[in-house]
Amino acid sequence: MKFIDQTEISVCSGHGGPGMVSFASAKFAPKLGPDGGDGGAGGNVVFVGHAQLNTLSGLYYRRIYKAEDGAKGGSNGCTGRAGADLEIPVPIGTMVFDRESDQLLCEILEDGQRFCIAAGGKRGLGNMRYVTATHQAPEEHTVGGASVAFDVRLELKLIADVGFAGFPNAGKSTLLSCISAARPKIADYPFTTLTPQLGVVAVPEIDPYTASFVAADIPGLIEGASEGRGLGHEFLRHLERTKVIVFVIDPFSWDELTPEDAYATLEHELTAFSENLAAKRRVVVLTKADIAPDDFDWEKIESPFRALGLEIFRISAVAQQGLAPLKRRLWTIVHDEQQKIEVSSGATWGGERDSGYQWMTTAGGDADLGL
Ligand SMILES: Nc1nc2c(ncn2[C@@H]2O[C@H](COP(=O)(O)OP(=O)(O)OP(=O)(O)O)[C@@H](O)[C@H]2O)c(=O)[nH]1
Ligand SMILES: [Mg+2]
């Protein structure tokens with residue numbers, strides 16, 4: 001499932017520092033020869049994938065991203081300091097397009113992946129470099145490679161970490177609207193939600209900047225969905241890449257079917273859809289706790305789930321009860337599952353992370369000499 005979030009920024013690499021023209025001299029020895037050092041290389045602008053980020057919102061407030069220029073070369077053969085790279089952290093799933101041509105320049109798919117979008121200008125050469133046997137006092141030097149500047153459009157395609165599965169009217173959309181900024185349609189009739197909805201759920205108690213996950217609310221499922229009843233079960237494919245499925249169950253509106261039966265039905269529909277869904281981690285959320293009568297027998301409702309080894313959360317989205325522990329637990333599961341994936345797939349960006357960047361072929365400052 002995809003959730004698109006986009007922004008535009010300008011990137012500008014650092015100019016290469018100019019080479020120095022200088023001649024060494026000392027008292028009584030005024031012409032010791034050229035000693036102008038090279039300038040420093042300009043800094044690169046680099047996108048870096050961060051698994052903890054879920055939105056591009058960190059880039060909304062700053063538009064220009066400029067890496068540092070290289071410093072100019074000095075006398076005495078001193079090389080100027082290289083300009084620092086500017087790293088721009090972006091979430092996994094970020095696609096970078098050239099704003100003018102709309103061409104896709106890169107896609108950040110891994111944690112730690114680095115992509116150099118604008119290469120710094122090469123260093124300028126000092127006059128020391130131009131000495132030859134017949135040319136002892138050169139004044140030649142180069143000014144350093146130019147910086148590269150252009151606008152890019154970033155587009156994020158989020159993949160849901162947590163999926164909500166439940167019967168129509170169970171309160172899935174209400175839950176999503178209470179824990180994220182998503183505003184799905186909510187109503188007291190079945191099949192209010194017709195297309196999957198996504199929301200980013202922040203968990204500031206864990207980390208105010210990076211702790212978040214993406215939750216997906218999908219249309220309600222009913223018995224026989226796998227045979228096409230109700231809205232069918234095609235939309236379950238949106239849960240294929242989630243790390244945990246939340247079974248959202250309303251324990252109050254049952255006649256013959258108990259919440260346990262509802263769970264079994266949902267389980268059956270998910271399993272009929274794919275083995276992958278059947279194997280996912282799951283938790284049970286019992287909704288609408290605010291309407292429970294005082295003598296409501298929670299134990300009777302919850303014990304069958306406990307017997308199945310399932311974690312249960314009792315919530316009321318409307319009264320904002322029980323939401324914080326649920327969010328924390330879901331974040332922890334997502335985080336654990338993410339780490340398992342990283343361990344099983346080896347280091348996320350393999351050896352290339354050490355050897356440097358992926359480079360954009362079209363960017364890069366002109367080199368004055370091929371150094
Ligand atoms: N009292 C109470 N009512 C709730 C709560 N959560 C949801 N509801 C009500 O339950 C009804 C259904 O809620 P939705 O969030 O639309 O349910 P849904 O599971 O998304 O339903 P579909 O989209 O049809 O599958 C609405 O009338 C909500 O106001 C809750 O915590 N307490
Ligand atoms: Mg809904």
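The values are calculated or read from the model by the stated rules, or taken from the named source; none is laboratory data. What you see is a predicted model; the values in this text were computed from it and never measured. Here Cβ is always computed from backbone atoms with ideal geometry, including for glycine, and neighbour counts include all displayed protein chains. Accessible surface areas use protein heavy atoms only, side chains included; no ligands, DNA or RNA. Shrake-Rupley method; radii C 1.70, N 1.55, O 1.52, S 1.80 Å.
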For this session: Report, by chain and number, residues whose modeled amide H sits under 5 Å from the one on GLN321, excluding near sequence neighbours (fewer than 5 apart, same chain).
Result: SER316
Problem set entry | D_trans [Stokes-Einstein, Kirkwood Rh over alpha-carbon pairs] for the range 149-228, 25 °C, 0.890 mPa s, µm² s⁻¹ | 173 µm²/s
For this session: Work out, step by step, the length gained on full extension between ARG81 and ARG183: first 0.36 nm times the residue separation, then minus their alpha carbon distance; give nm to one decimal.
Result: 31.6 nm
For this session: Please give the solvent-accessible surface of ASP85 in Å², to the nearest 10, using a probe radius of 1.4 Å with every protein chain present.
Result: 60 Å²
For this session: Report the local net charge at GLY58: Lys and Arg +1, Asp and Glu -1, summed over other residues whose C-beta lies under 13 Å from its C-beta.
Result: 0
Exercise. Can you pull out the chymotrypsin sites (Phe, Trp or Tyr not before Pro) in the range 208-250 that DSSP calls coil and that have at most 12 other Cβ atoms within 10 Å?
Worked result: TYR209
Problem set entry | Longest to shortest principal axis, alpha-carbon extents of the chain, angstrom | 107, 38, 35
Seminar exercise, completed: The answer for the net charge of residues other than ALA71 whose Cβ lies under 13 angstrom from its Cβ, with Lys and Arg +1 and Asp and Glu -1, is 0
For this session: Taking 7 Å along the Cα-to-C-beta vector as the label spot, tell me the ALA278-ALA133 distance in nanometres, rounded to one decimal.
Result: 8.3 nm
Problem set entry | Per-residue HN-Hα couplings for the range 282-296 [Karplus 6.51, -1.76, 1.60; θ = phi - 60°; Hz; x = Gly/Pro] | 8, 9, 10, 10, 9, 9, 6, 4, 5, 9, 5, x, 4, 9, 4
Exercise. What do you get for Rg/Rh of the range 230-297 when both radii come from the Cα atoms and Rh is the Kirkwood radius?
Worked result: 1.03
Seminar exercise, completed: Each label sits 7 Å from Cα toward the beta-carbon; between ILE341 and ILE206 the label points are separated, in nm, by 1.4 nm
Seminar exercise, completed: Ignoring ligands and nucleic acids, HIS335 exposes an accessible area, probe 1.4 Å, in Å² to the nearest 10, of 70 Å²
Seminar exercise, completed: Carbon and sulfur atoms account, in whole percent of the 1.4 Å probe accessible area of the range 28-84, for 57 percent
Problem set entry | Loop-resident sites, the range 80-118, for GluC sites (Glu not before Pro), counting at most 11 other Cβ within 10 Å (DSSP) | GLU100
For this session: Express the accessible area of the chain per residue in Å², computed with a 1.4 Å probe while the remaining protein chains stay in the model.
Result: 49 Å²
Exercise. With all protein chains present, how much of the accessible area of the range 95-200 (probe radius 1.4 Å) comes from carbon and sulfur, to the nearest whole percent?
Worked result: 51 percent
Exercise. Using θ = phi - 60° and the Karplus curve 6.51 cos²θ - 1.76 cosθ + 1.60, what whole-Hz ³J(HN,Hα) does each residue of the range 85-96 get, with Gly and Pro shown as x?
Worked result: 5, 10, 9, 10, x, 9, x, 5, x, 7, 10, 10
Exercise. Of all GluC sites (Glu not before Pro) in the range 195-300, which ones are in loop regions per DSSP and have a Cβ with at most 12 other Cβ atoms within 10 Å?
Worked result: GLU205, GLU256
For this session: Determine ³J(HN,Hα), in whole Hz, for all residues of the range 65-78 in sequence, where each value follows from phi through the Karplus function 6.51 cos²θ - 1.76 cosθ + 1.60 and θ = phi - 60°; x replaces Gly and Pro.
Result: 10, 10, 7, 6, 6, x, 7, 6, x, x, 6, 6, x, 6
For this session: Using only Cα atoms, locate the centre of the range 268-282 and the centre of the range 310-327, then give the distance between them in Å, rounded to an integer.
Result: 23 Å
For this session: Would you mind working out the magnitude of the charge dipole of the chain relative to its Cα centre, with +1 at each Lys and Arg C-beta and -1 at each Asp and Glu C-beta, to the nearest 20 Debye?
Result: 1420 debye
For this session: Enter the mean projected area of the convex hull around the alpha-carbon atoms of the range 162-321, in nm², rounded to one decimal.
Result: 9.5 nm²
For this session: Taking only the C-alpha atoms, wrap a convex hull around the range 75-132 and report its volume per residue in Å³ as a whole number.
Result: 147 Å³
Exercise. When the convex hull of the C-alpha atoms of the range 1-94 is computed, what volume per residue in Å³ does it have?
Worked result: 92 Å³
Exercise. Out of PRO259, PRO184, PRO138, any idea which swings most in a Gaussian network model of the chain, alpha carbons joined below 10 Å?
Worked result: PRO138
Seminar exercise, completed: Length gained if TYR61 through HIS268 is fully extended, taking 0.36 nm per residue and subtracting the Cα-Cα distance, is 69.8 nm
Exercise. Any idea how far the Cα center of the range 63-136 sits from the one of the range 189-207, in Å?
Worked result: 40 Å
For this session: Identify, among GLN197, VAL284, ALA264, the residue whose Cα sits farthest towards the positive end of the charge dipole of the range 156-315, taking +1 on the Cβ of Lys and Arg and -1 on the Cβ of Asp and Glu, with the dipole about the Cα centre.
Result: GLN197
